[in-house]
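The values are calculated or read from the model by the stated rules, or taken from the named source; none is laboratory data. Predicted model only: the values in this text are computed from it and were never measured. A quick note on method: Cβ atoms are made from the backbone with ideal geometry, for glycine too, and the neighbour counts reach across all protein chains shown.
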Amino acid sequence: MCPTTTQCTTSCQTVAGNSNNTAGSSISALNLPQKIYIDSLSNLYVSDSTNQRVIKFSYGSTTNGQIILGTTGVPGSNLSLLDYPTGLQLDSNGNLLVVDANNHRVIKLFTNGTVTVVAGISGQSSSSLNHLRNPNDLYITADNTLYVSDQNNNRVLRFAPNSTGGDNGIIVASGLNDPRAVYVDTNLNLYVADTNSHVIRQFTRTNATYNVLVAGNTTAGSSTSLLNLPRAVTLDETTTPDTMYIADTGNNRILTWVIGATSGTVFAGTSSPGPCTSLNNPFDVKLDLTKSKVYIADYNNNRVMRSNGMYYFLLYNMNSLRINRVD
């Protein structure tokens, strides 16, 4: 049991990228990784953005990555190439969807190797409902509904399962300021990292304009009640209430933030315990609940970090002592 009312940790290690944090183009190196994804077998997928590729690392391997999409250092618009890949996720059929930001599209790599556009139109940016403008992130629900943070259109679009390039999306969040990340919970509430507003917003499925600020207050700051350019949000829905993990990029830290709380707790980065203290613009955070791991895309350090075991917390929330998670 954690002996304090803050947090406990085991350790943290680099699982992708050079050990000296330098950029590189070898199969074990990264160059400014933007986004990550963990599949059900605990394999790690990395959008190695400046290297124009997506790499897969099997669980336990830090050197034997496999390029599964793109060509190292070669941007392009045909379906075998990428131009700044960002958000990525597997759908329920094992197909990989990737945000191809500078091509203004989302592409799908089928398990048979076929690639197709599923949102946006290649090379065309517009504010029309069948276009994207430098999208940044995506989320796929259990029924394969696709959500896309359409960054430079300051909105989030929802696309039907099995959509194809050029299909119209539905605006499910608007009035944003540089949305960089999306997450959809099991109740279909949408969470958006509204980066330049320094907040995490929650939208219901029925209202694209009304939203609740669930972290931050539109003023940048370094206290644990404020955020500074948050670029990622994900949820641990096994806790009660749910717990957000936020990449508080401008503060070089990862926060945990219980839904309904007025402040968060530093999980990694500045002022955190253990070896996960040195982050440099963390761009993404993902959870592997099956193995109790937390993964961090440490952008300017050209690496992906993994905690060796989940932290557990004793937190005072709404005047009651509660335990988030013990592993």
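So which of N64, N103, N95 is of a type in the set (S, T, N, Q), out of contact with any His (no Cβ under 7 Å at 6 or more places or on another chain) and modelled with pLDDT under 95?
The unique qualifying residue is N64.
For the range 67-80, check the following and say yes or no: at least one residue is in contact with a Pro (Cβ under 8 Å, 6 or more places away or on another chain) and either among the aromatic types (F, W, Y) or at pLDDT 95 or above (or both). Yes; the residues of the range 67-80 include at least one that is in contact with a Pro (Cβ under 8 Å, 6 or more places away or on another chain) and either among the aromatic types (F, W, Y) or at pLDDT 95 or above (or both). The single condition among (1) surrounded by 15 or more Cβ atoms within 10 Å (Cβ to Cβ); (2) on the phi > 0 side of the Ramachandran plot that G260 does not satisfy is (1).
Here N187 passes the criteria (1) within 26 Å of K293 (Cα to Cα); (2) assigned to a loop (DSSP other than H, G, I, E, B); (3) in contact (Cβ under 8 Å) with a residue 24 or more places away in the chain; (4) not small (G, A, S) except the one numbered (3).
Residues that are within 13 Å of H131 (Cβ to Cβ) and of a type in the set (A, V, I, L, M) within the range 156-171 comprise L157, I171, listed in sequence order. Is it the case, given these coordinates, that A160 is small (G, A, S) and buried (at least 16 other Cβ atoms within 10 Å of the Cβ)? No: the conditions fail for A160. The condition of being at pLDDT 95 or above, more than 17 Å from L287 (Cα to Cα) and charged (D, E, K, R) holds for only one of D194, D242, that being D194.
Within the range 53-74, does at least one residue satisfy the condition of being hydroxyl-bearing (S, T, Y), farther than 23 Å from N281 by Cα and touching a residue at least 60 places away in the same chain (Cβ under 8 Å)? So far as the range 53-74 goes, yes, one or more of its residues are hydroxyl-bearing (S, T, Y), farther than 23 Å from N281 by Cα and touching a residue at least 60 places away in the same chain (Cβ under 8 Å).
In the range 63-132, counting only strands (runs of 3 or more DSSP E) that sit wholly within it, the ones holding 1 or more residues that are surrounded by fewer than 16 Cβ atoms within 10 Å (Cβ to Cβ) and hydroxyl-bearing (S, T, Y) span 115-120. For the subset of the range 184-201 comprising residues that are surrounded by fewer than 22 Cβ atoms within 10 Å (Cβ to Cβ) and over 16 Å from the mean Cα position of the chain (by Cα), which member is nearest to L226 (Cα to Cα)? Within the range 184-201, the match that is nearest to L226 (Cα to Cα) is N196. Within the range 225-249, the set of residues being buried (at least 19 other Cβ atoms within 10 Å of the Cβ) and over 18 Å from V294 (Cα atoms) comprises L226, L227. The numbered conditions (1) part of a strand (DSSP E or B); (2) among the hydrophobic types (A, V, I, L, M, F, W, C); (3) over 19 Å from the mean Cα position of the chain (by Cα) are all true for L226 except (1). Regarding the range 27-39, can at least one residue be identified that is at pLDDT below 95 and surrounded by fewer than 24 Cβ atoms within 10 Å (Cβ to Cβ)? Checking the range 27-39: at least one residue is at pLDDT below 95 and surrounded by fewer than 24 Cβ atoms within 10 Å (Cβ to Cβ). Within the range 133-156, the set of residues being at negative phi, crowded, with 16+ Cβ neighbours inside 10 Å and not in a strand (DSSP E or B) comprises R133, P135, N136, T141, T145, Q151, N152, N153.
Does any residue of the range 34-43 turn out to be within 13 Å of P135 (Cβ to Cβ) and outside any loop (DSSP other than H, G, I, E, B)? Yes - at least one qualifying residue is present in the range 34-43.
The rows are residues; the columns are (1) over 15 Å from the mean Cα position of the chain (by Cα); (2) modelled with pLDDT under 95; (3) closer than 24 Å to A297 by Cβ.
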residue: N136; (1), (2), (3): no, no, yes
residue: Y147; (1), (2), (3): no, no, yes
residue: V156; (1), (2), (3): no, no, yes
residue: A160; (1), (2), (3): yes, no, no
residue: S163; (1), (2), (3): yes, no, no
residue: L176; (1), (2), (3): yes, no, yes
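The set of residues in the range 202-224 that are surrounded by fewer than 17 Cβ atoms within 10 Å (Cβ to Cβ) and either within 20 Å of V294 (Cα to Cα) or of a type in the set (S, T, Y) (or both) comprises T204, T206, T209, Y210, T218, T219, S222, S223. Here the strands (runs of 3 or more DSSP E) wholly within the range 282-327 that include at least 2 residues being surrounded by fewer than 24 Cβ atoms within 10 Å (Cβ to Cβ) and modelled with pLDDT under 65 are 312-317, 320-323.
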